[in-house]
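A.B. asks: This structure is in structure tokens; I'll ask about it shortly.
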């Protein structure tokens, strides 16, 4: 969603806390202090029955009020309608006389957005892609639970997180908000994230449904894709997330899919989501993503955000004229109310409190530590030994004061503001690089107190090389910033950082590169440095996490959720398809007819179909820089003894051994090749597990495989089909390191 521009966050926490308390707390108390005694307040009843009971007491106007927001309180003046809100990005008026609170929404991809405005700063977790690199469902649950707790503490009862779009286009400015290129990995992790968020009685959602895979022309692009390819790729990730995570809400996306806007797309919303997947919750539009009244309502859109252009007076008139049946209206209202009861938003009213953002630092650090990926480590350069190093040069990326974060509606406000303008004082603005005050330089100094640690900004390759040459070890921090509202011009490091890395590595053979990015990056210098770490956007306590990995108090275990290509020429689409000028944005006032029609479409065809990420490189036999699922450790692992059993479920059992001298965690990955008749890529991920092992310890583990993950989607049957034939299961430490193989025959 696009919530720009934002007002300045220059006011510090104390004054903001006071001002927000003055206008928000009494209003919120009025909104949630009703004592409804109706039968729908009986918590022993099912959410569906409770929704039906309260609907019997609602007027037509009260029902329609649940179908839309009342603007963006973050930017709008206080009005009688939004006065009870927490000044977030969206608010739906409740029914106080019946005990139904308003729905108070905040962006919360990797932490609660706009917290500085409310004077209640929140924890910035590592970016979602970093959480995906942990391949850890339990960590994903805690990721969501922390966000849910902080949302409630700030006074919100709905999150707008849950990003699940697959990385079809790695230059997408929102890749950092998503969970990688594989549907089984992304779907499994987002399901647990949603469960965690909703455990705090916060309405969870999953987005952006669907194929919102580029920011360039996102309001006008028309995605063409076949049903089978859609169901086996991006939609499979959403299917897993919906069926396992049970989100209360789904956010439909801006783009068109096969001709229709996603928020009025009968196939996406009704046929697939509500009928095939039996989703009982509600669908809300992305901000400004609604384009009609009758068509959108009939197609399955339940709630228009953030305002009420189509789902207020126009909707009421359509109901009164019979153009929209009352049963259709009631279905929308039922879904919204049912979701509120199901997550406990009605029974557990919001109670604002002061968030302690520092309390979440440990969770953020641990998730970052498990998501850092060690990409290269020649001659066991890492971990560093503080006792043996006398001088370290820290170079680049403002690493003296902070670490970069992802932008747009996911942006979390740093405590005190942007760390670099000047340190600790800078306001945060839309589409500007924002740095968290977590200093790698200080973290390294703390871990090597006996060493001389110097800093060079890395703006001049010659100066950086001179700094590196004078030290025993050089650590280059390099970054690539991305944000909603833009796509990356390329996967190369900006600001001539490639030149800096090359110069430093040439000057010092013990050069370590730490990457801060949300997407894969190309590395023309990859052979030069001794070690490379991918740290992603690392959150509130990223520097300590990176320091712990560099100096070995944490053994890295993260693995790539996205393939790193050698070159953009190897991508399915070597260049991002850009919109023509007429499709970029509206100019001047927009008439109702223009708003309904939307911007003129331009077409992007996903002719790669199901071949997303590693499936593309496998099928096209293209070499890669670093493969999907890859990540090194400070120890080594071996695999043995694979056996496959098919009973009520399919099970792959094998042994993982730690063959090194350090404790470590291995992510064991299970892939399958399908029978030739399936006409599929060479392999697909079908399961994974994290195995923690002491030195020389071995463990036998079993991974249960959902038969759907071995199936193809049959368009004629409109269902998943497990074809007869031989399936080859492969197990190992990455998509290109699979030492174990066993066949499974399906009759």
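A.B. asks: Among the residues of the stretch 442-460, what is the count of those that are free of Cβ contacts under 8 Å to residues at least 60 places away in the same chain and not in a loop (DSSP other than H, G, I, E, B)?
C.D. replies: Residues meeting the conditions: 1.
A.B. asks: Shifting gears a bit: Of the residues 113, 50, only one is part of a loop (DSSP other than H, G, I, E, B) and either out of contact with any strand residue (DSSP E or B) (no Cβ under 9 Å at 6 or more places or on another chain) or buried (at least 24 other Cβ atoms within 10 Å of the Cβ) (or both); which? Reasoning before the result, please.
C.D. replies: Details: 50 fails: part of a loop (DSSP other than H, G, I, E, B).
Answer to the selection: 113.
A.B. asks: For the stretch 472-502, how many residues are crowded, with 24+ Cβ neighbours inside 10 Å, more than 21 Å from residue 429 (Cα to Cα) and in contact (Cβ under 8 Å) with a residue 40 or more places away in the chain?
C.D. replies: Residues meeting the conditions: 8.
A.B. asks: Continuing with the same structure: What residue, of 530, 569, 575, 545, is in contact with a strand residue (DSSP E or B) (Cβ under 9 Å, 6 or more places away or on another chain) and over 30 Å from residue 293 (Cα atoms)?
C.D. replies: Details: 569 fails: in contact with a strand residue (DSSP E or B) (Cβ under 9 Å, 6 or more places away or on another chain); 575 fails: in contact with a strand residue (DSSP E or B) (Cβ under 9 Å, 6 or more places away or on another chain); 545 fails: in contact with a strand residue (DSSP E or B) (Cβ under 9 Å, 6 or more places away or on another chain).
The unique qualifying residue is 530.
A.B. asks: Here's a follow-up. Do we find that residue 365 is outside the structural domain of residue 540 (by TED's automatic domain parsing), touching a strand residue (DSSP E or B) at 6+ places or on another chain (Cβ under 9 Å) and either buried (at least 20 other Cβ atoms within 10 Å of the Cβ) or not in a helix (DSSP H, G or I) (or both) in this structure?
C.D. replies: No: the conditions fail for residue 365.
A.B. asks: While we're here: Name every residue in the stretch 548-560 that is in contact with a strand residue (DSSP E or B) (Cβ under 9 Å, 6 or more places away or on another chain) and assigned to a loop (DSSP other than H, G, I, E, B), in order of residue number.
C.D. replies: 555, 556, 557, 558, 559, 560, listed by residue number.
A.B. asks: Next up: Could you count how many residues in the stretch 422-473 are at positive phi and modelled with pLDDT under 95?
C.D. replies: Count: 2.
A.B. asks: Follow-up question, since we're still on this one. Quick one: which of 540, 587, 567, 557 is more than 23 Å from residue 439 (Cβ to Cβ) and surrounded by 23 or more Cβ atoms within 10 Å (Cβ to Cβ)?
C.D. replies: Among 540, 587, 567, 557, only 557 is more than 23 Å from residue 439 (Cβ to Cβ) and surrounded by 23 or more Cβ atoms within 10 Å (Cβ to Cβ).
Conditions (1) under 14 Å from residue 169 (Cα atoms); (2) in contact with a helix residue (DSSP H, G or I) (Cβ under 6 Å, 6 or more places away or on another chain), marked per residue:
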{"position": "518", "(1), (2)": "yes, yes"}
{"position": "532", "(1), (2)": "no, no"}
{"position": "556", "(1), (2)": "no, yes"}
{"position": "559", "(1), (2)": "no, no"}
{"position": "567", "(1), (2)": "yes, no"}
{"position": "573", "(1), (2)": "yes, no"}
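A.B. asks: Still on this model: Touching a residue at least 40 places away in the same chain (Cβ under 8 Å), more than 28 Å from the chain's Cα centre (by Cα) and assigned to a loop (DSSP other than H, G, I, E, B) - does that describe any residue in the stretch 291-299?
C.D. replies: Filtering the stretch 291-299 for residues touching a residue at least 40 places away in the same chain (Cβ under 8 Å) gives 291-292.
Those still in the list that are more than 28 Å from the chain's Cα centre (by Cα) too: 292.
With assigned to a loop (DSSP other than H, G, I, E, B) added as a condition, the list becomes 292.
Yes, the conditions are met somewhere in the stretch 291-299.
A.B. asks: For the condition touching a strand residue (DSSP E or B) at 6+ places or on another chain (Cβ under 6 Å) and in the same structural domain as residue 275 (by TED's automatic domain parsing), what is the one hit in 314, 308?
C.D. replies: The conditions single out 308.
A.B. asks: In this structure, does residue 700 turn out to be touching a helix residue (DSSP H, G or I) at 6+ places or on another chain (Cβ under 9 Å), more than 27 Å from residue 725 (Cβ to Cβ) and in a strand (DSSP E or B)?
C.D. replies: Considered against the rule, which asks whether it is touching a helix residue (DSSP H, G or I) at 6+ places or on another chain (Cβ under 9 Å), more than 27 Å from residue 725 (Cβ to Cβ) and in a strand (DSSP E or B), residue 700 comes out as no.
A.B. asks: Here is a follow-up. Test residue 188 against the criterion of being in a helix (DSSP H, G or I), touching a helix residue (DSSP H, G or I) at 6+ places or on another chain (Cβ under 8 Å) and assigned by TED's automatic domain parsing to the domain that holds residue 127, and give yes or no.
C.D. replies: Values: in a helix (DSSP H, G or I): yes; touching a helix residue (DSSP H, G or I) at 6+ places or on another chain (Cβ under 8 Å): yes; assigned by TED's automatic domain parsing to the domain that holds residue 127: yes.
So residue 188 fits the description; yes.
A.B. asks: Let me ask you something else. Tell me which of these residue 77 doesn't satisfy, since it passes every other one: (1) surrounded by 15 or more Cβ atoms within 10 Å (Cβ to Cβ); (2) out of contact with any strand residue (DSSP E or B) (no Cβ under 9 Å at 6 or more places or on another chain); (3) not in a helix (DSSP H, G or I).
C.D. replies: Exception for residue 77: condition (1).
A.B. asks: So, residue 134, is that one closer than 28 Å to residue 180 by Cα, crowded, with 24+ Cβ neighbours inside 10 Å and touching a helix residue (DSSP H, G or I) at 6+ places or on another chain (Cβ under 6 Å) or not?
C.D. replies: Judged against the criteria, residue 134 is a match.
A.B. asks: Against the definition (surrounded by fewer than 24 Cβ atoms within 10 Å (Cβ to Cβ), more than 25 Å from the chain's Cα centre (by Cα), closer than 16 Å to residue 379 by Cβ and at pLDDT 95 or above), how does residue 530 come out, yes or no? Talk me through it step by step, then tell me what you get.
C.D. replies: Working: surrounded by fewer than 24 Cβ atoms within 10 Å (Cβ to Cβ): yes; more than 25 Å from the chain's Cα centre (by Cα): yes; closer than 16 Å to residue 379 by Cβ: yes; at pLDDT 95 or above: yes.
In short, yes.
The values are calculated or read from the model by the stated rules, or taken from the named source; none is laboratory data. In this text, all values refer to a predicted model and were calculated from it rather than measured experimentally. Reconstructed Cβ throughout: ideal geometry from the backbone, glycine too, with neighbour counts over all protein chains shown.
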